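Each remark here refers to the structure printed beneath this line.
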Amino acid sequence: MPGVYAPGAFDLVGTIVGWVEKEAVVDGSRVRPGDLCLGLPSSGLHTNGYSLVRRVFADTPWEAEFPELDRPLGETLLIPHRSYLPAVEKLWAAGVDIKAMAHITGGGFFDNLPRVIPDDVAVRLDRTAWEVPPIFRLIQRLGRVDEREMYRVFNMGVGMVLILAPEQVDAAIRALDGEPTVIGEVMTWDGTGERVQLF
């Protein structure tokens, strides 16, 4: 992480180790064409893209205010990463069958979704299905960042994607009080083109 680790400094890291019963593992193997992608909103940048952000705002004080942001720039960038565990536990408690889960972190949609789906399927996402938070558009505008690159680096407002059978979606949305949004679908992949398609 360039610019973060300085000579004479050290980094203290915490690690969480968990376990799960084998029969309860969610590994994406049951994902099929026709399944739907449910997006859970992020709270901000989470933990990715900060090297690019620091480059874009290199000459901007962290106290700077922008009309599209509801707080100073520095505070917006430091909004804590949301934990998705409570939402997932609510879904399980409601009997919702989650076939796959993708945390949209480093690599954005393009790297993280293919990790949780079988080799013979792809995902098609509708970019108009959710509202991109203003901080991402501000970064894109000031940094003159290509749209595809934004979706490769940042979560763009969707921090977790859950893949469910269509008949499970209404129950999932109800269980989470309307918070999730259907953002795409799973389709057959013939081995050509991209595994994640944005339209």
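What to note about this one:
- Of the candidates 2, 33, 61, the single residue that is closer than 24 Å to residue 150 by Cβ and either modelled with pLDDT of 95 or more or of a type in the set (S, T, N, Q) (or both) is 61.
- Enumeration of residues in segment 61-100 that are in contact (Cβ under 8 Å) with a residue 60 or more places away in the chain, at negative phi and surrounded by fewer than 13 Cβ atoms within 10 Å (Cβ to Cβ): 68, 93
- Qualifying residue in segment 183-194 (condition: under 22 Å from residue 43 (Cβ atoms) and either among the aliphatic types (A, V, I, L, M) or crowded, with 18+ Cβ neighbours inside 10 Å (or both)): yes
- Screening residue 52 on (1) touching a helix residue (DSSP H, G or I) at 6+ places or on another chain (Cβ under 7 Å); (2) modelled with pLDDT of 95 or more; (3) closer than 22 Å to residue 108 by Cα; (4) surrounded by fewer than 19 Cβ atoms within 10 Å (Cβ to Cβ) shows it passes everything except condition (2).
- Selection of segment 127-172 for residues being of a type in the set (Val, Ile, Thr), surrounded by 17 or more Cβ atoms within 10 Å (Cβ to Cβ) and either modelled with pLDDT of 95 or more or closer than 25 Å to residue 33 by Cβ (or both) yields 132, 135, 139, 145, 158, 161, 163, 169.
- Helices (runs of 4 or more DSSP H) completely within segment 121-193 that count 2 or more residues being under 26 Å from residue 70 (Cα atoms): 134-143, 147-153
- Spans of helices (runs of 4 or more DSSP H) in segment 1-116 with at least 3 residues under 22 Å from residue 184 (Cα atoms): 85-93, 108-112
The values are calculated or read from the model by the stated rules, or taken from the named source; none is laboratory data. Since this is a predicted model, take the numbers as computed values, not measurements. Reconstructed Cβ throughout: ideal geometry from the backbone, glycine too, with neighbour counts over all protein chains shown.
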